[in-house]
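The structure under discussion appears below in the form of structure tokens.
The values are calculated or read from the model by the stated rules, or taken from the named source; none is laboratory data. Treat the numbers as computed from the prediction; the structure is a model and nothing was measured. Neighbour counts are summed over all protein chains in view; Cβ atoms, including those assigned to glycine, are modelled from backbone coordinates with ideal geometry.
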Amino acid sequence: KNQVEQSPQSLIILEGKNCTLQCNYTVSPFSNLRWYKQDTGRGPVSLTIMTFSENTKSNGRYTATLDADTKQSSLHITASQLSDSASYICVVSPTGGGNKLTFGTGTQLKVEL
Amino acid sequence: GAGVSQSPSNKVTEKGKDVELRCDPISGHTALYWYRQSLGQGLEFLIYFQGNSAPDKSGLPSDRFSAERTGGSVSTLTIQRTQQEDSAVYLCASSYGLAGGPNNEQFFGPGTRLTVL
């Protein structure tokens, strides 16, 4: 079982709508949790980084939340745009793991007119 | 300055051939990572270089895979006697320090798409 599970696997929404992507993890203890956006044919780009003590972090229309008790994180996208179409990847860094980041398989988001 | 660059962007090879993938990290970044991304899978850690320390090779799937980093900058990932299951996107990333730290953001290159026929 993957230590970082994301849902849904894929999602289609209309431009202008909001959406929320979920990430459940079992990595424990952990140092920080990140959300990345990966456009097709490109490398992932960091959206947010939250330490275990943070509950929320925003980056423009992207807001990530973290509940360390339930080991859940979400990424909320407000007023979606066509350019938001991408894969969104949740990544957890274990405490003392140094370089050993654990990547989720991602949620594939498509924004349509 | 430029971000992380990788070459080639696409590589098609025949089973049994050797391939070399190149990564140019961001200047000044001491940490360099190689990952493999297969269809429908999360990024899989392959190898990690940090400064002059011995690389962490724990993610390499077999002895057909090797990597080196010359002069603390450019890195080459070599796959010998390629197999069809090696087909994937190979991503390189760099950071100032250990990427696991909350203040050390990883910057990824665009990847090399390897297809083994």
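List of remarks:
- Whenever a residue of the stretch B:15-34 is surrounded by fewer than 21 Cβ atoms within 10 Å (Cβ to Cβ), its partners that are basic (Lys, Arg), lying with C-beta atoms within less than 6 angstrom and at least six residues away or across chains, give the pairs B:Gly16/B:Arg81; B:Val19/B:Lys11.
- A single entry from A:Gly16, A:Gly41 fulfils the requirement of being among the small types (Gly, Ala, Ser) and either at pLDDT 95 or above or more than 20 Å from B:Cys92 (Cβ to Cβ) (or both): A:Gly16.
- Residue in the stretch A:19-38 that is modelled with the lowest pLDDT, counting only those that are under 11 Å from the mean Cα position of the chain (by Cα) and among the aliphatic types (A, V, I, L, M): A:Leu33
- Only listed residue being surrounded by fewer than 22 Cβ atoms within 10 Å (Cβ to Cβ), at the interface with another protein chain (Cβ under 10 Å from one of its Cβ atoms), under 19 Å from A:Asn32 (Cβ atoms) and not basic (Lys, Arg), chosen from B:Gly59, B:Gly97: B:Gly97
Residue by residue, here is whether (1) among the β-branched types (Val, Ile, Thr); (2) within 10 Å of the chain's Cα centre (by Cα); (3) not in a strand (DSSP E or B) holds:
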site	(1), (2), (3)
A:Met50	no, no, no
A:Asp69	no, no, yes
A:Ala79	no, no, yes
A:Val111	yes, no, no
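- Only a single criterion out of (1) more than 10 Å from chain B (Cβ to nearest Cβ); (2) over 11 Å from A:Ile13 (Cβ atoms); (3) part of a strand (DSSP E or B); (4) not aliphatic (A, V, I, L, M) is not satisfied by A:Ser93, namely (1).
- Within the stretch A:60-74, being modelled with pLDDT of 95 or more and either among the polar types (S, T, N, Q) or in contact with a Lys or Arg (Cβ under 9 Å, 6 or more places away or on another chain) (or both) holds for A:Tyr62, A:Thr63, A:Ala64, A:Thr65, A:Leu66, A:Gln72, A:Ser73, A:Ser74.
For (1) more than 11 Å from every other protein chain (Cβ to nearest Cβ); (2) in contact (Cβ under 8 Å) with a residue 40 or more places away in the chain; (3) touching a Lys or Arg at 6+ places or on another chain (Cβ under 7 Å); (4) within 20 Å of A:Arg34 (Cβ to Cβ), each residue gets a yes or a no:
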{"site": "B:Gln37", "(1), (2), (3), (4)": "no, yes, no, yes"}
{"site": "B:Gly42", "(1), (2), (3), (4)": "no, no, no, yes"}
{"site": "B:Asp86", "(1), (2), (3), (4)": "yes, no, no, no"}
{"site": "B:Pro110", "(1), (2), (3), (4)": "no, yes, yes, yes"}
